[in-house]
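Written below as structure tokens is the structure these notes are about.
The values are calculated or read from the model by the stated rules, or taken from the named source; none is laboratory data. For clarity, every value in this text was computed on a predicted model and none was experimentally measured. Note that we place each Cβ from the backbone using ideal geometry, even for glycine, and neighbour counts take in every protein chain shown. These area figures cover heavy atoms from the full protein model, side chains too; ligands, DNA and RNA do not enter into them. Shrake-Rupley method; radii C 1.70, N 1.55, O 1.52, S 1.80 Å.
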Amino acid sequence: MNDFVLTISFEINMHNSNNTIFFNFTYLALKLLGEGLYSDYWAAISELVANGLDAQAKNIKIYINMKDKANSTIEIFDNGHGMSYKDLSEKYVLIGKNKREDNEVDEKTRQQFMGRKGIGKLAALYLSKKYYLISKTEYEESAWCLDASNVKESEIPHLDRISLYDITIETKGEWDKFKTGTMIKLTNVDMTNFGVRTLEGFKARLADFYLLGELEGKIEVAVLMENKDRLVFEEVKKSIAFKNMYVFYNNINNDLLNRLGKTVFFRSSVEEIKKIPRSVVIVDPNTFQVKGKRKFLKPDGKYTENELEYEMKGWIGIHTSISKEEALLNDSEYLKNKAYRPNQLRLYVRKKLAVENFLTYVKNTQAFSNYIEGEISFDILDDNELGDIATSDRQAYKDDERVRLLIDILKPIIGHMIRSRVNMGQQIKAEEDEYYKKIEREKEEQRQEEERKRKEAENAKLIAEQKRKIVQKEKQKVEKQVSALNDKLEIVSGDLGSEKKRNYFLFNALSQDQVNYEKRLHMLNINVGTVEKVITKLIMKIQRNKFKLEDIWDSLKTISYCTGRIKAILRYGAVAEFDTKEESTTGDLFQYIYEYIDNILVYHENMEIHTFIEDNVKFIRKFSMQDIAVILENIVSNSQKHNASILTVRMYKTDRKYAIDFIDNGNGLDNKINNIEELFEFGKSYTNTGTGVGLFHIREIVQEMGGCVFINQEIKKGFEIQMRYDI
């Protein structure tokens, strides 16, 4: 292959002139290679930046002008050593030239090169069909243009020399500060799909392409979106929420431990427990074997003559939560959008990103595996003596003994960290159980105290009744004596007597219907009272200038939850056989769901609900009738919003768990959803009429009951949500 490339290069170079330099591939080859190498704009831009770093640049600047998004301009320039005519004609246009074999560069510099395939320049053609290359060495400055706008695919690409005065450099003031260096100016770049939220994560995402702390040069970015925007370059830095990490592994000598928090806070349904600080766990790196020596298989099928050294370096952390709202309580730097995702184990080779998320190789399916973030390097994956195992798009690796070695190194570390996180979750669950037991004990003590007072009142009433009877007897005795005396005196009482009158204002007893009505009002009053307290608390914070944005979200969650419970009471209140004055009851949860659907949800228009319970299966437990009603109402509402006409509810026992599945025949999951966990975030909605609170409350209630809730992503049609409770 190398002989073929050199032959092609020699034949093409015969046509080179002082003003035109030909590539060694056709336009079609460059196009196909470029499209296969890069998955997005950020990967392509990072490749052009890497070229500057390999040119020993101390400063690389990225300028993006997207005032006209469909025809954006990008200028990427550095203060490296620049390229002469010889460099351009013998190196730049030679696709596939291994920079690490360039004898004109000293050995130390060659070993530091990030790339070795000579294909990074294709990133420019991936971004634009027309770009300019301006380069200045200590001897000369030249400008070139590659225009693939109107060419045949069989033509040979070439750089045409142009006058420096024919190029409008929008960052000329900054470019002129560099005595040597190279600029790539891209024109008519289509960035219509890039919004403000994407650009918020741009610098963080770009920073992820490199181990910035180990680079000798710095990277700066300037983005103009509006006419009023000023040209200001900001240094690219890592945006990692270290203070949101609960367990942390680190085997590199740096100041990362000082960036961690001493303690973190975890989500809990109990406010008191949520406020308890938990000490961060630091993993001892000496516990795990991460380096060694061994022989590796070479491209010729033979093993290396000598053992090669390998070592996994870096840090790995496990977040307390990946919910943006909860994570921000621990670290204000937590950033999560479609351009940047914090729950990734980034793998670097030669200080450059090789795999965006190596967790997909480790294949850990434990509950907290997606809470992991880290940055590790394993340079043996790109050793000059060994074969190239990268995939064609340069963003993954093929199955190889070196990849399997790294997986074996990581598995015990990741397993240990996840166990620590699981243990904390179990501890919090135990604390919540004890809290609720304490509440139940206090309620029982209160009930007993009320019962004691009731009996005392009854005894007092009996004593009072006995006294009343005694007084009545005495009164009757006196009345008889007076009557006898009046008879003797023959006193006429006609004018003195008056007709007895009786006034009725209130009934002294309630009917049975009134008693039941009073019970139903009790739970309504509790929920309305909670809403009133939330509103009062908000007003007081506003009046005292202590109002914060997160106060609104917390209040909306409480109000939304109480509103759902109030609606549930109004739905089942008229037909309930249980005591609606109580918060919870103990019974067969499956049967309650069946009866609620059969008696209340059956009246939903345009919706058939089929309910099935496995034979002879009962799920006896304590539960809140209002909470179960909130779950069922939200599930039916979501199905209707997604045009479902049939909802099937299955309740059964399997794998030592009680299971409830809700399956509808609606539109199913929206293609816009990148992360299924976003559906459970409060206020996150993908429909025009939705508020994004239903699934949030469903998960909150199920988890409070000790269960888990999942969305089945494998279903091909419709939507399925599954709930599981331990037996």
Subject >> Unit charges at the beta carbon, dipole of the range 125-277: most positive-side option, Val151, Leu256, Gly173 >> reply: Leu256
Original post:
Considering only protein heavy atoms, what is the solvent-accessible area of Val280 at a probe of 1.4 Å, reported in Å² to the nearest 10?
Top reply: 30
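What value in Å³ per residue do you get for the convex hull of the alpha-carbon atoms in the range 327-469?
Numbers: hull volume 24.3 nm³, N = 143.
Hull volume over Cα atoms, normalised by residue count, gives 170 Å³.
Determine the gain in length on full extension of the stretch Gln446-Asp554; use 0.36 nm per residue of separation and subtract their C-alpha separation, reporting nm with one decimal. Walk me through the numbers on the way to the answer.
On the way: separation 108, 0.36 × 108 = 38.88 nm, distance 3.00 nm.
Using 0.36 nm per residue and subtracting the Cα-Cα distance, I get 35.9 nm.
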Original post:
Considering every pair of different Cα atoms, what Kirkwood radius, in Å, is found for the range 578-715?
Top reply: 16.0
**OP:** Just the Kirkwood number for the range 169-298, please: inverse of mean 1/r across all distinct Cα pairs, in Å, one decimal.
**Re:** 19.9
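How large is the charge dipole for the range 342-452, taken about the Cα centre, if only the Cβ atoms of Lys, Arg (+1) and Asp, Glu (-1) carry charge, to the nearest 20 debye?
Details: 19 positive and 24 negative charges, 50 e Å.
So the magnitude is around 240 debye.
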Original post:
Are any of the pairs Lys274/Lys324; Lys177/Lys228; Lys69/Lys136; Lys136/Lys237; Lys298/Lys398 more than 18 Å apart by Cα-Cα distance, and if so, which?
Top reply: Lys177/Lys228; Lys69/Lys136; Lys136/Lys237
Subject >> Which listed pairs, of Lys336/Lys653; Lys61/Lys243; Lys129/Lys238; Lys363/Lys716; Lys218/Lys672; Lys58/Lys291, have C-alpha distances above 27 Å, in listed order >> reply: Lys336/Lys653; Lys61/Lys243; Lys129/Lys238; Lys218/Lys672; Lys58/Lys291
Subject >> Heavy atoms of Lys324 accessible to a 1.4 Å probe, total area in Å² rounded to 10 >> reply: 80
Original post:
Leaving out ligands, DNA and RNA, what percent of the accessible area of the range 146-281 is carbon and sulfur, probe 1.4 Å?
Top reply: 46
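When ligands, DNA and RNA are left out and all protein chains stay put, how many square angstrom of accessible area per residue does the range 228-323 have with a 1.4 Å probe?
59
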Original post:
Taking N as the number of residues in the range 330-373, what is its Cα Rg relative to 2.2 N^0.38 Å?
Top reply: 1.28
Subject >> Inter-label distance for Glu307 and Asn423, nm, one decimal - labels placed 7 Å from Cα along Cα-to-Cβ >> reply: 3.3
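Subtract the Cα-Cα distance of Lys567 and Lys237 from 0.36 nm times their separation in residues, and report this length gain in nm to one decimal. Before the final figure, lay out each step's value.
Numbers: separation 330, 0.36 × 330 = 118.80 nm, distance 4.91 nm.
Stretched fully, the Lys567-Lys237 segment lengthens by 113.9 nm.
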Subject >> Whole-Å distance, taken between Cα centres, linking the range 216-246 and the range 119-167 >> reply: 28
Original post:
Given a Förster distance of 25 angstrom, what is the FRET efficiency for Asn253 paired with Asp383, based on the Cβ-Cβ distance and rounded to 0.05?
Top reply: 0.60
